[in-house]
Each structure stands twice: as structure tokens, then as C-alpha cells.
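Engineer: What follows is a structure written as C-alpha cells; I'll ask about it next.
Coordinate-derived values only; no laboratory data. Quick caveat, the model's predicted, so the values are computed rather than measured. Here the Cβ positions follow ideal geometry from the backbone for every residue, glycine too, while neighbour counts run over all protein chains shown.
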Amino acid sequence: MRWQGRRESSNVEDRRGRPTGLVLGGGAGLVVLVIALLMGADPRALLQQMQTLDTSTPAAQAPDPAQDELAKFSSVILAETEDVWHQEFARMGREYVEPHLVLFTDRVESACGMAGAAMGPFYCPQDSRLYLDLAFFDVMRGRLGAPGDFAQAYVIAHEVGHHVQNLLGISEQVQAMRGRVSESEYNQLSVRLELQADFLAGVWAHHTRRLQGMLEAGDIEEALNAAAAIGDDRLQHQSQGVVVPDAFTHGTSEQRVRWFRRGLETGDVSQGDTFTARAL
Ligand SMILES: [Zn+2]
């Protein structure tokens, strides 16, 4: 991809290198202040002390500079999704609300709970944020055999797809079925939700392809390869050696490729109803 020099999103929160990805200082400092005041300390002296404390508290670990290029790349891709989805939502007579992208290292606190890098990138509907540990791109390149920058862009576009589903109220409808249908039926709905996010990533790729000059030969193949590589059947094969269809939550490699391709070819959001589709 030719992505250098393009607009970066202003919605990236870089929490790399922070313990559990939390913003410390403010909250912890406040607790110290309240306790000290209760014990009758002089607030001015305390505030001064806290300021020196704050600046002298070292970051747990400096962010990996080798990842800075990837961080910039992710920010450009996020900006590209903003452009496309503003346009597509306007076409639907709706307003697109941009999500935030949180970059983290190892562990992160989200409104959906504490998450580790092992679970891969995810979207949390409660705080409208995408969470990404850039080390996942190494895993894709290495263990999953899905190299390439457009493969990485596809992963971000898939998570943005979940945000689009959230804005359109689709995720909520699926969530509401939890407990009302059997577990295997609920898993089926989750698969359809995931395949739709792949479809939406394809829709994004369709419109990005139209924006001159960004894609290079082989880019689309990278994304298709990634869609295949991170299908649940592949992942389960690698981790357990057996495929257990009932536990699928993302769809098979073949299904993921098919829905991504449909989005890519049509560029039309209305073509992505995975919920009424008979064949996935
Ligand atoms: Zn997903």
C-alpha cells in the first residue's frame, strides 16, 4: 500500500508501554490527596508534592520504536475508514460517529473488561473503541502466515465493521438474543455478525480502491489471504488439532473470504445481510 503521507486519524489513543494500558496518575493522585486531607494535611503542600510525584513517575516501559511505523500506519487506515464510512452513512441518511482506536501492549482495560493481547484485536461496543496490540501483526506475519500491510488494514477494517454494526443497532439485536436462544443458535448468530464485519471490511476496501493511488498490485490478495488465515477453523486447527463447528464464532476461512469478497465487489452495504442469507 502507498499509505505514507496520508492523513492520520485524530482518534488514536496510544497506551503502549503503560501498565495494563490504564491512564494512571490522575486517579491514583486523587486518592492520595483525599486520604491526606482527611488526615489533616495542608492541601497546597500536598498538591505541589503530587506534581513532582507525577512527573517523576516513570512509564512502565517505553513503546517499542520499531512499532511506531505500524502505529502511524494504523492511524492512516483508521482515517481512511472514517472517510469511507462518513460517506456511506450520509448515503443512508445517517450520521457516522467515529470510533477511537486504542493501541496497547500486552494487557488493556476496556469498558468490556480486562483483555490480553492473546485474544487478538477486538471492538468494545460499550466504549466504541477498537483495541489493538500491534504485536498481533507479527503473529499474523509469522504464525498465521498472513503478511502484508493490506492484511493488517483488513483487520482494522473488520473491527471498524463491528463499530458500524453497533451504530446501526445490529450488534444490540444479536446481543438481545443471548439467553433467549440455545447456545449453538447464539453461536450461529455470532458467526453471522462476524461475517458481516468481514463484508463491511470489503465494502471499505471497495471504496478505498476507488480512491486513487493507495492500493498496489497484490494488496487485495493479502486481505483475502488474511481472511482465510484467521478463519476460526484454521485457528482451531492450529490450537487444538480438531475443528469443532459448534464453537465457531468467526466463520470458516471460506465463508470469511466469500463475504469479504462480496463487500469488495459490490461496495454496497445493503448486500451484506448475513442474517437472512441461507448459505453463508
Ligand atoms: Zn470480529
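Engineer: Which value in nm describes the separation of the simple spin-label points at A279 and S184, placed 7 Å from the Cα toward the beta carbon?
Structural biologist: 2.3 nm
Engineer: As an exercise, find the ratio Rg/Rh for the range 124-200 from alpha-carbon atoms, using the Kirkwood inverse-distance average for Rh.
Structural biologist: Rounded to two decimals, Rg over Rh is 1.04.
Engineer: In nanometres, what is the gap between the two model label sites at R7 and V97, each 7 Å from Cα along Cα-to-Cβ?
Structural biologist: Inter-label distance under the simple model: 2.1 nm.
Engineer: Okay, moving on. Assuming R0 = 41 Å, can you tell me the calculated FRET efficiency for the pair Q271 and D64, based on Cβ-Cβ distance, to the nearest 0.05?
Structural biologist: With R0 = 41 Å, the Cβ-Cβ based efficiency is 0.55.
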